[in-house]
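The values are calculated or read from the model by the stated rules, or taken from the named source; none is laboratory data. Everything quoted here is computed from the prediction, not taken from an experiment. Neighbour counts run over all protein chains shown; Cβ positions are idealised from the backbone, glycine included. When the accessible area is computed, the model is the full protein with side chains, heavy atoms only, and any ligands, DNA or RNA have been set aside. Shrake-Rupley method; radii C 1.70, N 1.55, O 1.52, S 1.80 Å.
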Amino acid sequence: MRRRPFPAAAGALLCLAALLFGAPPARAAARIPVTIGHRGVPVRAPENTLASIDTAARLGVRWVENDVQRTRDGALVVLHDTTLERTTDVGRRFPGRAPWRVADFSLAEVERLDAGSWFGRRFAGERVPMLKRYLQRVTHNRQRLLLELKSPGRYPGIERQLVAELRRAGWLGAARVRHDLVVQSFDARSLRIFHALRPDVRTGLLGAPKAAELRADAAFTDQINPDQRGVTAGWIRSVHAVRGPHGSPLEVSAWTVDDGDRAVALARMGVDAVISNAPQVVQAALAEEDPVPPGPPLPFPEAAFGVF
Ligand code: G3P
Ligand code: CA
């Protein structure tokens, strides 16, 4: 994932200071983590809808995260829960169909559901997006996507189907793959399958494996994406010490970080990205954070941030 470049003017000032005060000691450059909108901006708009990623775009949030599942008749749709009840009006429209599993409904049925009213009246009529339409909107918004295969064990073959859908939508070109897409899952088996099908696409394993397990995971994943509550600087160092399938150090994207101070603390620990329900809040807090740790000034050529 490409990190936000440090402002060029500030970099130039620091280079000048380095020239005036002599060469800095060898020291790792501090980095501002990327901010990723978790299911869009779910504190402002109904999660995993087009309204939610449009809100992210309006707030200047470049990366969005989503969850992909499959209907009974094989359509890929964007929804977090494996049932439709919490985020749609399915209980009212189909009262006899509890527990309302996504996998038990056809696309036509899912498309009739209101996925916005539960959140607020002004979102009435918002739909559960088909992945195809969602990808079109992310493209239109010039955003980047952290796509989660949600509970893929329920949907045999979904990895191959996802590859086909990404290809049809124009998401598997070299530039797109390099800059705009990461596919993640809690399910290591599914991620291994996806990586075998498209080894060029970056992947993320959700969870916090022990340091001893990281080398095995690095065969198929570029990122290790943990619950932020258990993250320590030492664990992050152990993740960064291992190289992934594309030859770069494994990255860490921590979730779910909704507090600015916590985002800054995680940045100081070395996380590469924070996944947030309030990305506008953490993005602002991180922008305030001085990327230069206390000590002599360091030059910050933009190239230093050219990781993924
Ligand atoms: O991206 C991290 C996060 O989405 C994982 O948990 O349950 O929100 O999909 P969940
Ligand atoms: Ca998710």
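A quick yes/no check of all residues on (1) in contact (Cβ under 8 Å) with a residue 60 or more places away in the chain; (2) in a helix (DSSP H, G or I); (3) within 20 Å of PHE220 (Cβ to Cβ):
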{"residue": "SER238", "(1), (2), (3)": "no, yes, yes"}
{"residue": "PRO245", "(1), (2), (3)": "no, no, yes"}
{"residue": "VAL257", "(1), (2), (3)": "no, no, no"}
{"residue": "ARG262", "(1), (2), (3)": "no, yes, no"}
{"residue": "VAL271", "(1), (2), (3)": "yes, no, no"}
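In the stretch 193-228, what residues are assigned to a helix (DSSP H, G or I), open to solvent by 10 Å² or more (accessible area, probe 1.4 Å) and either in contact with a strand residue (DSSP E or B) (Cβ under 9 Å, 6 or more places away or on another chain) or aliphatic (A, V, I, L, M) (or both)? Don't jump to the end; show me each part of the working.
Start the filter on the stretch 193-228 by keeping residues that are assigned to a helix (DSSP H, G or I), which leaves 193-197, 211-217, 228.
Pick out the ones that are also open to solvent by 10 Å² or more (accessible area, probe 1.4 Å) and you get 193, 195-197, 211-213, 215-217, 228.
Matches in the stretch 193-228: ILE193, HIS195, ALA196, LEU197, ALA211, ALA212, ALA216, ASP217, GLN228.
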Does PRO279 fit the bill of being surrounded by 24 or more Cβ atoms within 10 Å (Cβ to Cβ), farther than 20 Å from THR232 by Cβ and in contact (Cβ under 8 Å) with a residue 40 or more places away in the chain?
yes
In the stretch 137-151, what count of residues is obtained for those that are open to solvent by 10 Å² or more (accessible area, probe 1.4 Å) and either of a type in the set (Val, Ile, Thr) or touching a Phe, Trp or Tyr at 6+ places or on another chain (Cβ under 6 Å) (or both)?
2
So, first residue acidic (Asp, Glu) in the stretch 26-44, second residue open to solvent by 10 Å² or more (accessible area, probe 1.4 Å) and at pLDDT below 95, Cβ within less than 7 Å, six or more apart or across chains; the pairs are none
Tally the residues that are closer than 15 Å to LEU145 by Cα and out of contact with any Pro (no Cβ under 9 Å at 6 or more places or on another chain), restricting the search to the stretch 266-282.
3
In the stretch 232-276, which residue that is within 16 Å of the chain's Cα centre (by Cα) and hydroxyl-bearing (Ser, Thr, Tyr) is surrounded by the most Cβ atoms within 10 Å (Cβ to Cβ)?
SER276
Quick check on my filter: what residues within the stretch 143-173 are farther than 17 Å from ALA188 by Cα and without any contact (Cβ under 8 Å) to a residue 12 or more places away in the chain?
ALA164, ARG167, GLY173
For the stretch 214-234, name all the residues that are under 20 Å from VAL182 (Cβ atoms) and not small (Gly, Ala, Ser).
LEU214, ASP217, PHE220, THR221, ASP222, GLN223, ILE224, ASN225, PRO226, ASP227, GLN228, VAL231
Selected residue (criterion: nearest to ligand 1 (Cβ to nearest atom)) from residues of the stretch 250-265 that are under 15 Å from ALA208 (Cα atoms) and of a type in the set (A, V, I, L, M, F, W, C)
TRP255
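Going by the structure shown, is HIS179 surrounded by fewer than 19 Cβ atoms within 10 Å (Cβ to Cβ) and in contact (Cβ under 8 Å) with a residue 12 or more places away in the chain? Break it down stepwise before answering.
Working: surrounded by fewer than 19 Cβ atoms within 10 Å (Cβ to Cβ): yes; in contact (Cβ under 8 Å) with a residue 12 or more places away in the chain: yes.
The answer is yes for HIS179.
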If only one of ASP104, ASP54, ASP73, ASP89 is under 18 Å from the mean Cα position of the chain (by Cα), away from ligand 1 (no atom under 15 Å from the Cβ) and farther than 21 Å from ALA254 by Cα, which one is it?
ASP54
Can you tell me which of (1) away from ligand 1 (no atom under 16 Å from the Cβ); (2) of a type outside the set (S, T, N, Q); (3) touching a Leu at 6+ places or on another chain (Cβ under 7 Å); (4) under 23 Å from SER253 (Cβ atoms) is the one LEU135 doesn't meet?
(3)
Restricting to the stretch 117-136, name every residue that is assigned to a helix (DSSP H, G or I) and open to solvent by 30 Å² or more (accessible area, probe 1.4 Å).
ARG121, ARG122, LYS132, ARG133, GLN136
Would you mind listing the helices (runs of 4 or more DSSP H) fully within the stretch 1-116 where at least 1 residues are touching an Asp or Glu at 6+ places or on another chain (Cβ under 9 Å) and modelled with pLDDT of 60 or more?
50-58, 90-93, 107-111
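Which residues, taken from the stretch 107-127, are among the aliphatic types (A, V, I, L, M) and under 27 Å from the mean Cα position of the chain (by Cα)? Give the steps one after another, and end with the answer.
Keep residues of the stretch 107-127 that are among the aliphatic types (A, V, I, L, M), which gives 107-108, 110, 113, 115, 124.
Of everything in the stretch 107-127, those that are among the aliphatic types (A, V, I, L, M) and under 27 Å from the mean Cα position of the chain (by Cα) turn out to be LEU107, VAL110, LEU113, ALA115, ALA124.
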